[in-house]
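The values are calculated or read from the model by the stated rules, or taken from the named source; none is laboratory data. Only a predicted model underlies this, so the values are computations on that prediction, with no experimental measurement involved. Here the Cβ is made from the backbone with ideal geometry for all residues, glycine too, and neighbour counts use every protein chain on show. Please note that ligands, DNA and RNA were not included when accessible areas were found on the heavy atoms of the full protein model with its side chains. Shrake-Rupley method; radii C 1.70, N 1.55, O 1.52, S 1.80 Å.
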Amino acid sequence: MSDEFDDIQAIFFEECAEGLVTAEQGLSAMQAGDVSGEVIAGVFRAVHSIKGGAGAFGHTDLTAFAHKFENVLDEVRGGKIPPSPGVVKVMLSAFDILTDHVEAAKGNAPRPADQAALDALEKVLANKGADDGAPAGNAAAAVAPVAAETPAPAAEEADEFGFVPMAVSLDDFDAPAAVDGDWIVVFKPSRAALANAGEPLLIIRELEGLGAEIVSVDTDTVPALRDLDPEEAYFTWTLRLPAEMAESDIMDCFDFVAPDSVVEVRREAGAAPAAPVAQAPADADEFGFVPVAAGVEDFAAEMQRVVETIAAASPPVGSVDTPAIAPKAGAGDAQQTIRVDLGKLDLLLNLVGELVIRNSILADRLSPADRQRVELPELARLTRQIQDNVMSLRAQPIKQAFSRVPRMLRDLSVETGKQINLETTGETTEVDKGVIEKIGDPLTHMIRNAADHGLESAEERIAAGKDPTGTIKLSAEQKGARIFVRVSDNGRGINRERVKAKAIEKGIIPADAQLSNEEIDQLICAPGFSTAETISNISGRGVGMDVVRSNVEALGGRIEIQSVPGEGTTFTMILPLTLAILDGMIVRLAGQRFVLPLAHVLETVQPEPGQVKRTAPDSEVIDMRGEYVPVKRTTEIFGLNDDRPVEDSLVVIVESEGSGKVGLVVDTIDDRREVVIKSLDQNLHPIRGLGGATILGDGSIALILDIEALVASTNRYTPKGLAA
């Protein structure tokens, strides 16, 4: 039983993580000025779900804090508290504490000190957000508080699940006079509640167990029979509970009610004049439902009476324009999902890799005729389809890695006193789950570096004729088999003279080193390098960009730096799309076999005499139909002995992101194969120019070439600490 409980609780924590991402995105949007009802409702639903699950698993601290946070969000959602900048700031701080509470519930952190946040939330509730210094009227106008003040939403305003949001106020319903101090509860289940098999009568009965009395059931929204939707909720209950009842006990009854349902709880301070109440048919039960006749012979008469009753309360046909019922989201086409442990996917991916290797072994050992006889090409096709599907299961939007950046920048903006604007693009770019998990630290360091070192203060920016608010751009895009993640700022750029002087001072390079601008820029990735004058909790300890470089290279990628003094700096992480399988060309260098990724290959050339020309002692080009393409001898880059004339070799023309077309000299081309990538960083230090290793069909090992790193390499001096 304990194992089952732990498994279910693990699912709850996964849902918590998803809810926190949703809440953070919504709060960030609110901070940026988007205070639409949809955004606020999304944050409310996320916090509500966390509270409900936490209560079910007995996490009392998390439940209590989430409940207070939810109360504020509910008031904001209902238009009673304006989503002004001051209120949003309090909610952002509360979100940070909520995140810490979730970690504490997992057992990963101690219980957070939440009293200050609770006091701030209570103050917002007490003052209705009116004392934060922001004009309440303008902010309040951005949110439609109740249905009586806004027209019914059109079908196109439905949310992503196809549900039309509804907001209801007690003033919309007719209720008899209430005793001074009694609680009045208005409850209208949402479409989502009924679609998920929610039973509103169970809630009503639970409230009755607390002493509630049904004072009215509003049936005014029931349409004509021909327009009746069996999955829509049309009834609204109004109940009265004793004054001595605690509000928390009432709200507990609605813990597992769909968050977009209408739940209005208020205390009546004085008696209200009685108003006419819509009367149910004489034989209706206490909930307003008309019982269906038990006898088959009475069924037709009973149905006729129900139709007449509904028709009498409905407008005549053609008298008003009745909005069409919103189509059911995904009706008949609903997507079903299942949670799968990532370890199981990794195991499946490894098995697919072994299948690829066995396929390669068969291809090596069988003759061409035997390959056709055993349908080896068909087996290879099926293997590739399995591989593609497994990889699609692991693919996740990089938005998961980007989602932590807004919160980080909020903190950095406060710590540095700088005004920072964030722009993101390409959040839907899909990347292997393993890549997303491992780029978190590099991304954090690059963002902190851009905020602390890259961007100037508002005064410096104004003096330089810039906007006082600095901008950090975060983007992702896929090109071939690579993912490019860029962090750029419009700040001061890299002070190369200062960087070089610091590197000489720390002994990273000799004083007489002659370096290009690109090599100077790369110095900031050297271990222990820092240009910060003082040590702070943001930077200055000499760790940061070296972590970025080592982590990116451990993924089989590399980092590029481009900077223009006075204009800004761009850091680019170039990462593999997957960490598993690639199409490769088997080539030989000095008799040894290597794998060259096919995604980079344009063509191969057998050089004719004089076609390859030397332009400098360490530089060659090849004449390709009038276009001169740089040539690199791969054996020289790896220090392999090979005196073969270039005319007896092959030149493989590859294309890279940074250097364009480049010719790589190889001995011969053996074959084209799908290969399984095996990481080198488990047993070896990452080697620049190599992206991993693989097992060939005969059981031998071949190293996989990293084209981008190869074409960027030079024979010039490599600074200490940057050599791999």
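Structural remarks
- Spin-label zone in the range 611-633 - amide nitrogen under 19 Å from a point set 7 Å from the Cα of D643 along the C-beta vector: 633
- Tail fraction, Cα-Cα pairs, the range 1-129, threshold 23 Å, whole percent: 28 percent
- Measuring how big the range 363-506 is from its alpha-carbon positions, Rg and Dmax come out at 23.3, 77 Å.
- Taking all protein chains together and a 1.4 Å probe, the residues I214, I520 rank I214, I520 from largest to smallest accessible area.
- Compactness of the range 58-122, expressed as Rg and Dmax over alpha-carbon positions, Å: 12.1, 37
- Residues with amide H under 5 Å from that of V215, placed H, sequence gap 5 or more: T238, L239, R240
- Between the residues I462, G440, Q478, the greatest Cα displacement towards the positive end of the dipole of the range 430-501, with unit charges on the Cβ of Lys, Arg, Asp and Glu, is found for Q478.
- In a reduced charge model with +1 at each Lys and Arg Cβ and -1 at each Asp and Glu Cβ, the range 18-140 shows a dipole moment near 200 debye about its Cα centre.
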